[in-house]
Amino acid sequence: MDEFKKEILEYAESFTSDESSVLRELREHCYAYYEDSSMLSGFVQGRVLSMFSRMIRPRVVLEIGTYLGYSALCFAEGLVDGGKVITLDVNEETNKVARSFVEKSEYKDRIEFHLGEGATIIPSLPETFDLVFIDADKPNYSNYYNLVFKKVRRGGFIIADNVLWSGKVLEEEKDENTQALHDFNLMVQADDRVSNVLLPIRDGLMVLCKL
Ligand SMILES: C[S@@+](CC[C@H](N)C(=O)[O-])C[C@H]1O[C@@H](n2cnc3c(N)ncnc32)[C@H](O)[C@@H]1O
């Protein structure tokens, strides 16, 4: 990251409300022990997700890609009374860690974990979603979008992370993940059932509302 961008990010961080102690502990645990810690949403993006949730006040959030539970805990902050976050992931090891941090939080009864393939679990969920966060394997983004779409209420939202893929979506030659994310962006942009905005926050957030 160049010096200007770094300073701007630090400035943004210094004018952003703090996260809870559990979220801070979880982030520090991740940076200390995980080589793939860049998968975690991070402080500013976490606060953005929490703010979206506070604005939407969802009853049911579906998250595809739990990792260590950081973003699930951020979304939980905006739930209405009695609301829940359903989060799913294939990784048993990270799931155990996620559960242990959620257990320490005030949202321990509001986050429901599912372990398994996203594409298998989603069709089995009976709920209607107010908000869906797509943040798992990139080649399946369009698949996840199509699987969840009919389960999102009209006026509900879908947010997809990493849609700029470190800027690689601009390159002529695209690897599998980059092509999948670019195809996802093209599909959303051409979908007249939604209103969408691609926010260049962190690695890119596609935010869309089902009309
Ligand atoms: C980028 S991380 C999620 C980060 C988390 N949402 C956050 O912001 O802190 C992606 C997660 O997707 C999971 N994943 C990968 N392939 C999957 C699949 N087929 N079904 C469900 N989860 C999958 C990985 O195990 C990983 O934990």
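The values are calculated or read from the model by the stated rules, or taken from the named source; none is laboratory data. Computed from a prediction, not measured in an experiment: that's the story for all the values here. We place every Cβ from the backbone using ideal geometry, glycine too, and count neighbours over all the protein chains shown. Note: areas computed on protein heavy atoms with side chains; ligands, DNA, RNA excluded. Shrake-Rupley method; radii C 1.70, N 1.55, O 1.52, S 1.80 Å.
Points to keep in mind about this one:
- Matching entry among 22, 80 (being under 23 Å from residue 114 (Cβ atoms) and in a loop (DSSP other than H, G, I, E, B)): 80
- The listed residues are 119, 160, and the only one of them that is within 16 Å of residue 195 (Cα to Cα) and either under 14 Å from the mean Cα position of the chain (by Cα) or touching a residue at least 24 places away in the same chain (Cβ under 8 Å) (or both) turns out to be 160.
- Condition met for residue 97 (open to solvent by 20 Å² or more (accessible area, probe 1.4 Å), closer than 21 Å to residue 23 by Cα, assigned to a helix (DSSP H, G or I) and among the aliphatic types (A, V, I, L, M)): yes
- Residue within the range 41-49 that is among the hydroxyl-bearing types (Ser, Thr, Tyr), outside any loop (DSSP other than H, G, I, E, B), under 15 Å from residue 161 (Cβ atoms) and near the ligand (Cβ under 8 Å from one of its atoms) present: no
- If the condition is being closer than 17 Å to residue 99 by Cβ and over 15 Å from the mean Cα position of the chain (by Cα), then the range 28-51 contributes 29, 30, 33, 34.
- Every residue from the range 50-77 that is touching a strand residue (DSSP E or B) at 6+ places or on another chain (Cβ under 6 Å), assigned to a helix (DSSP H, G or I) and surrounded by fewer than 22 Cβ atoms within 10 Å (Cβ to Cβ): 56
- Residue within the range 4-16 that is surrounded by 15 or more Cβ atoms within 10 Å (Cβ to Cβ) and assigned to a loop (DSSP other than H, G, I, E, B) present: no
- Entry remark, the range 65-80: residues being farther than 21 Å from residue 100 by Cβ and within 15 Å of the ligand (Cβ to nearest atom) number 0 in total.
- Considering the range 100-203, the qualifying helices (runs of 4 or more DSSP H), each wholly inside and each with 3 or more residues that are in contact with a strand residue (DSSP E or B) (Cβ under 7 Å, 6 or more places away or on another chain) and open to solvent by less than 50 Å² (accessible area, probe 1.4 Å), run over 141-149, 176-189.
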